[in-house]
Amino acid sequence: MCAAAEAGRATLSAQSFEVTSALAAGDLVALEAIWTGTLAVQLGSLPAGHTLRAHIAAFLEFRDGKIIAQRNYDCYERLTPA
């Protein structure tokens, strides 16, 4: 997991998350977000500077104020060169 995170840092020059909705019930939280990343390097047919976007659903479970479980479901937009 650490190696994948390090590779991601080398691949992206910037990234951001925009939480578009959130719902809480007891110790459970559901988030909907849009992730945007900018390529630092060419990735296949995608040039450096290309913007990637994903729609994310994340489900968090808390205990004693700390996250104890997280499940993410990512849906990436079509990868097409600009």
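Identify, please: which residue in region 27-76 is part of a strand (DSSP E or B) and among the hydroxyl-bearing types (Ser, Thr, Tyr) and is, among those, farthest from residue 7 (Cα to Cα)?
Restricting to residues being part of a strand (DSSP E or B) and among the hydroxyl-bearing types (Ser, Thr, Tyr), the top hit is 73.
What pairs can you find where one residue is in region 47-58 and closer than 8 Å to residue 35 by Cβ, the other is of a type in the set (D, E, K, R) and in a strand (DSSP E or B), and their Cβ atoms are less than 7 Å apart, with a gap of 6+ or different chains?
54/74; 56/74
Is it the case that residue 82 is out of contact with any His (no Cβ under 9 Å at 6 or more places or on another chain) and either of a type in the set (A, V, I, L, M, F, W, C) or at pLDDT 95 or above (or both)?
no
Okay, residues lined up against (1) modelled with pLDDT of 95 or more; (2) over 12 Å from residue 58 (Cα atoms); (3) of a type in the set (A, V, I, L, M); (4) touching a Gly at 6+ places or on another chain (Cβ under 6 Å):
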| position | (1), (2), (3), (4) |
| --- | --- |
| 1 | no, yes, yes, no |
| 5 | no, yes, yes, no |
| 15 | no, yes, no, yes |
| 28 | yes, no, yes, no |
| 33 | yes, no, yes, no |
| 47 | no, yes, no, no |
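What is the number of the single condition among (1) part of a helix (DSSP H, G or I); (2) on the phi > 0 side of the Ramachandran plot that residue 7 does not meet?
The single condition residue 7 does not satisfy is (2).
Consider only pairs whose beta carbons are under 6 Å apart and that are at least six residues apart or on different chains; among these, list those whose first residue lies in region 26-39 and is without any contact (Cβ under 8 Å) to a residue 40 or more places away in the chain and under 23 Å from residue 66 (Cα atoms) and whose second residue is of a type in the set (D, E, K, R) and not in a strand (DSSP E or B).
Partner pairs satisfying both residue conditions: none exist.
Within region 59-79, restricting attention to residues that are of a type outside the set (A, V, I, L, M, F, W, C) and touching a residue at least 24 places away in the same chain (Cβ under 8 Å), which residue is surrounded by the fewest Cβ atoms within 10 Å (Cβ to Cβ)? Give the steps one after another, and end with the answer.
From region 59-79, those of a type outside the set (A, V, I, L, M, F, W, C) are 61, 63-66, 70-74, 76-78; that's our starting set.
Now narrow it down to the ones that are touching a residue at least 24 places away in the same chain (Cβ under 8 Å): 61, 63, 74, 76-77.
Working: 61: 14, 63: 9, 74: 11, 76: 11, 77: 12.
Among them, the one singled out is 63.
The values are calculated or read from the model by the stated rules, or taken from the named source; none is laboratory data. Keep in mind it's a predicted model, so treat the numbers as computed, not measured. Here Cβ is always computed from backbone atoms with ideal geometry, including for glycine, and neighbour counts include all displayed protein chains.
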